[in-house]
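Beneath this line is the structure, given in structure tokens, with notes to follow.
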Amino acid sequence: MDQALNILVARLLAHRFLPRKDPLARRALIDEAFRESLDHRLAGCGLRLLENPYAEYIAVGLASEMEDWVFGEGENWLSNNMGMPRDAIALLIVVWALIILPKRQRQIALSASDPDDMFGEASPIEFGDEVAPGIPEEAIYADFGKKLGGKARFSMNLSQLAKLGFINRRNKMIFEGPLLDLMIDYARLAPRIINGALADLLKIDAVHVAEQVED
């Protein structure tokens, strides 16, 4: 087991994320003893495993008790340790809201129990473009670009988000990247977006973007 743990931790640190279908990643998700050993080993380095049943990948992140030591510097608080400027973080939140929020709703709906299933067993959770379709870059820029620094900054920040693994870009479309559903806490952020200060803005613009996607 020790060697398997060493390999998994090393691969997670080197590659930053692994697909759930990877043999060792799958073992970490279904083998209770292996997971307990993995959590213990990561905790010894101030890290924790990032995973949720709606994400197609797993990754590692900071343990909560390490956040002050990593992000806190006197009276200043680093917004992230990936070198992202504020407008890139704002763009990340917008993309997350437009892709992950509707994706989660589709996944929950698809995995709900079939009324004709006498045992009431839920269907496997779906991943991929079927539940997280792409969003046109032009549509997001039309709705948010001026608020996020203009054309040059928008393009630069999209490139940075893609490089960091938050998004994939194909044919001027933005798709969910391996880390988009892992590095942001859904339970904490979703209510703030749906009911908070961004609700009205996202409600209007998300509908506009969705209409263009459907077209």
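Each reported figure results from applying straightforward, stated rules to the coordinates on display, with no laboratory input. Just so it is clear, the structure is predicted and the values come from calculations on it, not from any experiment. Heads up, the Cβs are rebuilt from the backbone with ideal geometry, glycines too, and the neighbour counts pull from every protein chain shown.
Odds and ends about this structure:
- Residues with amide H under 5 Å from that of M173, placed H, sequence gap 5 or more: E137
- Filter on K151/K172; K147/K172; K103/K151; K146/K172 - keep pairs with C-alpha separation over 23 Å: K103/K151
- Sites I93 and I125, calculated FRET efficiency, Cβ-Cβ separation with R0 22 Å, nearest 0.05: 0.40
- Total formal charge among the other residues, if their Cβ is under 12 angstrom from that of A25, Lys/Arg +1 and Asp/Glu -1: +2
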